Amino acid sequence: MEIVRRASFGLFWMIVFLVGCAESTSEEKLQALEEKQKEYQARIDGISDEEARRTLTHLNDMSFWIERSELEQKVPPEQVEYEPSAFTILDDYENPRDMAEQWAAGLMLVNDVRSRPSETRVLSPFEYPFESRLEWRSVTLKDGTALSVVKRDPFADQTGLAPIVLWNSAFERLETRLERHRNLPPGQVPAQPAPVVRARGKLTLKVPESLPLLAFTTAEVGETREVAGWSFTLKQIDGHRARLIIGLPKDFDQENVDTVLDSMVVEASDESGRFLSRSGSSQGPEGREGSMLDVLDTLIEAAEAGKLDDQDMQERLVREQRNLLDEDHPELYYEVAFRGMVNRIQLRIPGLAKESVLTVPLDMTPVQFEVPDNLNGPKPFGVTARVYDHDAADWLLNQPLEARPDELASLITTTFSAGEDIGTPGFEVTDKVYFHFPERMSNRLVSTFERFDEVNALALLDESGKVLYEYDPADRDAPLKFTVDRVEYQPGRFDAPPARLRGEIDITLYTNINVSDYSIDALPEGYEMHGPVLFGPQAADNQVPDLVLAYDAEENYLKKITTVRHGFDEGWPRRAYHFYGMPEGFVFVSRGTGQKVPYAFQVSLQESE
């Protein structure tokens, strides 16, 4: 789950907007917001105080960004998407403290001395579900140069800092800079620094002693849960969105509210019980949606009258926000959008739990996943953490591994998605038909692009069955196109409304997937153990398993760190398979040769089938 934007105004307003969450929405509404923002900006441009003008401009941008984001979150997702719960990892360990210690033990530094010697990235064993902080103090380069580390500040000019190492916490990497930034002649590149061979710093992990869990189903709309003086009411479940009302303690303070809400994670599952991917969330004073613009308007009026400068802007902003709350019953709304229909939601609130702090001094040597000097033997990474792969056992338990050719007509489903007319001249409405291959283990070995291989025939028909258009892959301006796993067409380019889609597509199936189990005492020819590392024979890519899994003495499957290829200068490479923990056995999975199977279909263009 990658957060690309997160904006907070003082105390109450917040947006979390996730990659890929924006669906199409009303262009007219977005244009109206854009015009309104321009009106506010014109007033701000007339303010004489430069600092106040700059702060209000930023506030104006973020206020209308929130308005646009909330509008986009209301649009239902075109496809259902799932993701595991952020707290499933807790089931692997005795308690949160054990999990935190294993996370710290599994932390690695990785550098690619071939192509990016100036960067050293942090590799975590899994996503830590609570608050964590990495701080780096100093590094040593391979040539002996010692450098201090400064945290990268995206809002400050740090181009003059050199020689230095910048800690980019957003991308979790150390960036070595030996010289100040300067423009070079075309074709000239700056000299690359020696790679980092040692990094020293500190890791701080928040560890809750217990973890409050609040859960609601669709049948429990209107019910309230209370914990530690806070109340959480499920106000509404509307398709893919859930809305909560959060009652704040009467004696709340800004820092405490920020801590609790920043830690809160809202997850949802659909009727299948699987957790849905989250597309975004927003919060603000309950019953006062859009009131951020009222606050902005008040601040602009004060600045226009010369009664407000940048120094008291934040104080005035917080005061105006607090005035929006009911003094006796302060409440915030918290709305979350998901990529699927919500059946149950649950809240985890680490900020309301008693917690301890685990501090770990770091003195780390980076490892390499790309071997620059073609070493003939693998080097263990020295990682001692216990980290598991719960999906690995499915290769032995889930059958069948692949769909049968005679099942395709009944197993592949389709979804029709009508395009939206946004009213813009020259814009063509595009309708889409998605093809969904059934869930099979083979999906882990085959990309969607490879699965739906080649179009044999494709045609749009009207209600009477008359062919409106036959698919022509050579026609670049065709009103009907097939892309990866979907058909797209512009209905307005035909004399009659398209009513059905008919066609045949070759589907790639792997019906001879081979799954083999080996103990470390009976490995296939050419394979050998180097400590915890499995080292394979010299072989081409099509001569090795497509997937290698490992399990320990308790038959827990181990999470894979990486596969390193060795010995390029001596013919075919050898592969070293690295895992967290100590393997006692391996499962090899080979997909075999793909089989092209024709899949014929007819799809209604009015509703999903």
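For the stretch 127-150, the criterion of being touching a Leu at 6+ places or on another chain (Cβ under 9 Å), without any contact (Cβ under 8 Å) to a residue 12 or more places away in the chain and of a type outside the set (Lys, Arg) is met by no residue. Here Thr140 meets each of (1) within 30 Å of the chain's Cα centre (by Cα); (2) at pLDDT 95 or above; (3) polar (S, T, N, Q) with one exception, condition (1). Here Ser85 passes the criteria (1) open to solvent by less than 40 Å² (accessible area, probe 1.4 Å); (2) assigned to a helix (DSSP H, G or I); (3) under 20 Å from Arg339 (Cα atoms); (4) not acidic (Asp, Glu) except the one numbered (2). Among the residues of the stretch 78-92, those identified as hydrophobic (A, V, I, L, M, F, W, C) and modelled with pLDDT of 90 or more are Phe87, Ile89, Leu90.
Taken together, the residues in the stretch 6-52 that are exposed (fewer than 13 other Cβ atoms within 10 Å of the Cβ), at pLDDT below 75 and at negative phi amount to 3. Looking across the stretch 271-304 at every residue that is open to solvent by less than 20 Å² (accessible area, probe 1.4 Å) and modelled with pLDDT of 90 or more, the one that is farthest from Asp49 (Cα to Cα) is identified as Leu276. Among the residues of the stretch 428-456, those identified as in a loop (DSSP other than H, G, I, E, B) and either open to solvent by 30 Å² or more (accessible area, probe 1.4 Å) or touching a residue at least 40 places away in the same chain (Cβ under 8 Å) (or both) are Glu428, Val429, Thr430, Phe437, Glu439, Arg440, Leu445, Val446, Ser447. Of the set (1) within 18 Å of Leu123 (Cα to Cα); (2) part of a loop (DSSP other than H, G, I, E, B); (3) touching a Pro at 6+ places or on another chain (Cβ under 8 Å), all apply to Val197 but (2).
Is it the case that some residue within the stretch 581-591 is in contact with a Phe, Trp or Tyr (Cβ under 8 Å, 6 or more places away or on another chain), open to solvent by 60 Å² or more (accessible area, probe 1.4 Å), charged (D, E, K, R) and not in a strand (DSSP E or B)? Checked against the condition, which is being in contact with a Phe, Trp or Tyr (Cβ under 8 Å, 6 or more places away or on another chain), open to solvent by 60 Å² or more (accessible area, probe 1.4 Å), charged (D, E, K, R) and not in a strand (DSSP E or B), the stretch 581-591 yields at least one hit. With respect to the numbered conditions (1) within 30 Å of Val455 (Cα to Cα); (2) not in a strand (DSSP E or B), which one is the sole condition not fulfilled by Val603? (2) is the only condition that Val603 fails. Any idea which residue in the stretch 524-571 is modelled with the highest pLDDT, counting only those that are charged (D, E, K, R) and part of a helix (DSSP H, G or I)? The residue in question is Asp541.
When the strands (runs of 3 or more DSSP E) confined to the stretch 220-269 are screened for residues that are open to solvent by 30 Å² or more (accessible area, probe 1.4 Å), those reaching at least 3 such residues are found at 224-227, 230-238.
Looking at the stretch 484-493, can you tell me whether even one residue there is β-branched (Val, Ile, Thr), surrounded by fewer than 19 Cβ atoms within 10 Å (Cβ to Cβ) and outside any loop (DSSP other than H, G, I, E, B)? Reasoning before the result, please.
Step one: list which residues in the stretch 484-493 are β-branched (Val, Ile, Thr), which gives 484, 487.
Then keep just the ones that are surrounded by fewer than 19 Cβ atoms within 10 Å (Cβ to Cβ); that gives 484.
Narrowing further to those that are outside any loop (DSSP other than H, G, I, E, B): none.
No - not one qualifying residue is present in the stretch 484-493.
Quickly run through the stretch 328-342 and pick out the residues that are open to solvent by 50 Å² or more (accessible area, probe 1.4 Å) and at pLDDT 90 or above. Matches in the stretch 328-342: Met341 only. Applying the set (1) closer than 27 Å to Pro400 by Cβ; (2) open to solvent by 40 Å² or more (accessible area, probe 1.4 Å); (3) not in a loop (DSSP other than H, G, I, E, B) to Thr511 leaves exactly one unmet item: (3).
Restricting the stretch 184-219 to residues that are surrounded by 15 or more Cβ atoms within 10 Å (Cβ to Cβ) and among the small types (Gly, Ala, Ser), the residue that is farthest from Leu109 (Cα to Cα) is Ala194.
The values are calculated or read from the model by the stated rules, or taken from the named source; none is laboratory data. Computed from a prediction, not measured in an experiment: that's the story for all the values here. Heads up, the Cβs are rebuilt from the backbone with ideal geometry, glycines too, and the neighbour counts pull from every protein chain shown. These area figures cover heavy atoms from the full protein model, side chains too; ligands, DNA and RNA do not enter into them. Shrake-Rupley method; radii C 1.70, N 1.55, O 1.52, S 1.80 Å.
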